[in-house]
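Just below is one structure, and these are the notes that go with it.
The values are calculated or read from the model by the stated rules, or taken from the named source; none is laboratory data. Computed from a prediction, not measured in an experiment: that's the story for all the values here. Don't worry about glycine lacking a Cβ; one is built from the backbone with ideal geometry, like all the others, and counts go over all protein chains shown.
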Amino acid sequence: MSTPATRTIADTIYGSTPTGQLIIANMTFTSSDDFVIPENSVVVPVVNGAFSVNLIPYPTYQVQVQVTNQFSIQTWNVPPGSGDLTLEDVLVE
């Protein structure tokens, strides 16, 4: 059985070695390789500022950043393609 393509997003959140989590959520969508992806959320640990997650390309992931002394909500756009991405690559300003 085949699975949808994913991209790795890996980076370091700078500050005083933040520790916590990212909660990454998506609504139901159809991936660029025609898989129906149900509404979902995933919790990704942030340890000493570092995180890594594999995500299916999607333009509007909603991300709650909950790390030491910081809470924010971000939108990430994970484009189709190959190769790893950083926070700067996916963060929608």
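Taking the criterion of being among the β-branched types (Val, Ile, Thr) and buried (at least 16 other Cβ atoms within 10 Å of the Cβ), the residues of the range 1-18 that qualify are ILE9, ILE13.
Listed by position, the strands (runs of 3 or more DSSP E) enclosed by the range 1-78 that each have at least 3 residues that are modelled with pLDDT of 95 or more and over 11 Å from the mean Cα position of the chain (by Cα) are 40-46.
Looking across the range 71-93, the residues that are closer than 22 Å to THR19 by Cα and surrounded by 13 or more Cβ atoms within 10 Å (Cβ to Cβ) come down to GLN74, THR75, TRP76, LEU85, LEU87, ASP89, VAL90, LEU91.
What residue, among those in the range 23-40 that are without any contact (Cβ under 8 Å) to a residue 12 or more places away in the chain and among the β-branched types (Val, Ile, Thr), is surrounded by the most Cβ atoms within 10 Å (Cβ to Cβ)? Among residues in the range 23-40 that are without any contact (Cβ under 8 Å) to a residue 12 or more places away in the chain and among the β-branched types (Val, Ile, Thr), the one surrounded by the most Cβ atoms within 10 Å (Cβ to Cβ) is THR30. Looking across the range 55-70, the residues that are surrounded by 14 or more Cβ atoms within 10 Å (Cβ to Cβ) and touching a residue at least 40 places away in the same chain (Cβ under 8 Å) come down to LEU55, ILE56, PRO57, VAL63, GLN64, VAL65, GLN66, VAL67.
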